[in-house]
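A short worksheet on the structure shown next.
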C-alpha cells in the first residue's frame, strides 16, 4: 500500500515557525494562526524541542487535542520525528485519566458528551479545592478555540506550562472560549504570539474558503497569504451541480477514482455522521476503496496511507489532504444546523493543499453558494452543470487517464 508522510522535518520550518517552536516555557503561550499556518505541525516540533533540548520527561508532557481522529493523525506524523506515541492524547481522555488517578467522582449518567462535561467540572473542582502539585510539566494544546472555559482553567491549574494553538475563525462549537477569556485565564499579559502566514493552500482555494467568512474575517484571512510562496498547484476548485442525488454519488465515485490515480491524499468531508455512513455506502457499492473515520478510538487509521478517508468536517479539524471533496452541499444539510454552514465549509476548504471540489444538487443549493458565480468570473472557481463535458473541469493540467471524472 502506498504511503506518504504528511509531517515535515525541522529543516522545512520557516523562521517564523522556528520562533514559535522555541518560545520560552516560563510563561504560558497562546499561538494564533490562520488555517494553513502549520499549528499542528509546530506543536509536534515544539514537543520535540522541549523533550530533546529542555529535557522535559516524556511522562510529564502531553500534546492534547480535541478529537481521537486528530490524535491518530498526529500520532502518524509524530513517528517522522521520533516522538513517543504516548505523549499524544485527546483532551478529555486526559481529564478522565486525572479523575481515575485522583479518585475524583463524577456523574456517568447521560451521553458521552454529558459525561465529558461532568468529569471536567469534577476534576476542575478537585484542583481548585485541593492544593496539589501540577499533573504535567507541559501541555501543548491544539484547536484551543473549541475547548470550553473550564478546560482552560484546568490547564492553567494542572500544568506548569501550557501552550495553546488556536484559530478563532475555525471555532465550530458555541461552548468554545473567546480570545480575551483565554488570555485572562492563562495569565498572558503581553497578548498572543502570532503565525502570520497561510502556507498551505493555493490562492484559488483561499479565495473559495474566504467566501464563506464575514467581511472582517475574510480580510483578515486573506491578509495571511504568503506573497513569497510559490503556488503548489494550478488546479482550480470545482463546483459541480448534479441533476439528482443519485448522479451526485456516481460523480463522487468517479472523482475519487481519478484522485487515487494521481496518488493524492483524499478527504471526503461531510457535515454529519449520517452522511459519512451514506457516502461510505455509495462509494463502497461502486467498489471505490475508502476508509470511514469516526471519533471512536478504534481502527487506528493510518493517515499516511493513500486510501481516501471519509469523515465529518468536525473530525477533520487540524487535518490536511491533497484533495478535499465536499459532496451534499445542499440547503437541507447546511442551512438548518446549530453550527453555521458557512463556517463548516470554510473549515472543509482549508483542509486542502491542492484542490477542492464542492458538490450540490440542482434546485437544492444553499444560499451560502450565492457567491459562486462571482468567484467563477474572477477565475477562482469552475462551475459545472450536470451533463457538462467531462474534461473541462481540470484546469491547467493534462488529462491523465481515459476516465476523467470532472
Normalised contact order of the range 203-393, rounded percent, pairs of Cα under 8 Å and 6 or more residues apart: 34
The chain: relative contact order as a whole-number percent, Cα under 8 Å and 6+ apart: 20
In degrees, nearest ten, helix 68-78 long axis to first principal axis of the chain (Cα): 90
Degrees separating the helix 91-102 axis from the principal Cα axis of the chain, which is the longest one: 30
Contour excess over end-to-end distance, with Cα ends at residue 274 and residue 378 and 0.36 nm allotted per residue: 33.9 nm
Extension reserve of the residue 121-residue 386 stretch, reckoned as 0.36 nm per residue once the Cα distance is removed: 90.2 nm
Tensor-based shape of the range 203-393 (alpha-carbon gyration tensor, a/c under 1.5 rounded, otherwise prolate or oblate): rounded
Spatial separation of Cα centroids for the range 258-326 and the range 49-80, in angstrom: 24
Using alpha-carbon coordinates, inclination of helix 39-52 to the longest axis of the chain, degrees: 40
For the chain, calculated [θ]222 nm from helices alone, where every DSSP H run of n ≥ 4 adds -39500 (n - 2.57): -10500 deg cm²/dmol
Gain in span if fully extended, residue 340 to residue 100, counting 0.36 nm per residue against the direct Cα distance: 82.8 nm
Computed label-point distance, nm, for sites residue 149 and residue 234 using a 7 Å Cα→Cβ extension: 5.4
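Any read-out appearing in this document is the output of simple, stated calculations on the displayed coordinates, not a laboratory observation. Small disclaimer: the values here were computed from a predicted structure and weren't measured. So basically every Cβ, Gly included, is an ideal-geometry build from the backbone, and we count neighbours across all protein chains shown.
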